[in-house]
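The values are calculated or read from the model by the stated rules, or taken from the named source; none is laboratory data. From a predicted model like this one, the values you see are computed outputs, not experimental measurements. When we count neighbours, we look across all protein chains shown, and the Cβ atoms used for this are built from the backbone with ideal geometry, even at glycine.
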Amino acid sequence: MRALRLAEGSPQDQKSRSVAVSIDDERFMRLALAQAERARGHTGDNPWVGAVIAKDGEVIGDGHTHPPGSDHAEIAAIKSALSRGASLEGATIYSTLEPCSFHGRTPACALAIVEHRIARVVIGMRDPHPRVNGEGLTILRGAGVEVIEGVLEPEVARSLAPWIDAYHPHAKR
Ligand SMILES: [Zn+2]
């Protein structure tokens, strides 16, 4: 299932809204994509993912995937927000890829998001890794976190195409 959050009504209506959720979601996802590109080529067999945390329309943290065994993008963004003294409670995290659901070389990002009381998770696309593939979203939704998926998905899929081709060719659309 894909949640489309496009604002209803005419373009005029959308413009007149002071805070259009859909426009913000795309704006922050673009920033997350830019973060992802900074990690490209430095993530080993992991996907290069970018994450941005926003609250009240402002970016309070951002980050990208670190080399294998170190922080994933979501954790890097959480640490960045905490280092600025920001409260994550009620914030939204934008991640180009679905947060991971299992403890691999690092603890699961989905659990970290829940622990830090982040209220909303917006992703570009699901992680095709067979051990994630929707499981991260299930953990989040089960914990009462609002999840929006498919924001800028074509751009995210294009960004990650070499990784998908190399490690998850079955997921190729
Ligand atoms: Zn992760």
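Figures for the structure shown
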| quantity | calculated |
| --- | --- |
| Filter result for the condition that a residue is farther than 20 Å from Asn46 by Cβ and among the hydroxyl-bearing types (Ser, Thr, Tyr), over Thr96, Thr138 | Thr138 |
| Count of region 53-80 residues which are over 17 Å from Ile148 (Cα atoms) and within 16 Å of the ligand (Cβ to nearest atom) | 19 |
| Selection status of Gly124, more than 10 Å from the ligand (Cβ to nearest atom) and at pLDDT 95 or above | yes |
| Residues of region 99-110 satisfying the condition of being more than 6 Å from the ligand (Cβ to nearest atom) and over 16 Å from Ile53 (Cβ atoms) | Ser101, Phe102, His103, Gly104, Arg105, Thr106, Pro107, Ala108 |
| Unmet requirement for Gly85, which otherwise passes all of (1) away from the ligand (no atom under 12 Å from the Cβ); (2) out of contact with any Asp or Glu (no Cβ under 8 Å at 6 or more places or on another chain); (3) in a helix (DSSP H, G or I) | (3) |
| Of all residues making up region 20-72, the number that are touching a Lys or Arg at 6+ places or on another chain (Cβ under 6 Å) and at positive phi | 1 |
| Residue in region 100-112 that is farther than 30 Å from Gly57 by Cβ and touching a Lys or Arg at 6+ places or on another chain (Cβ under 6 Å) present | yes |
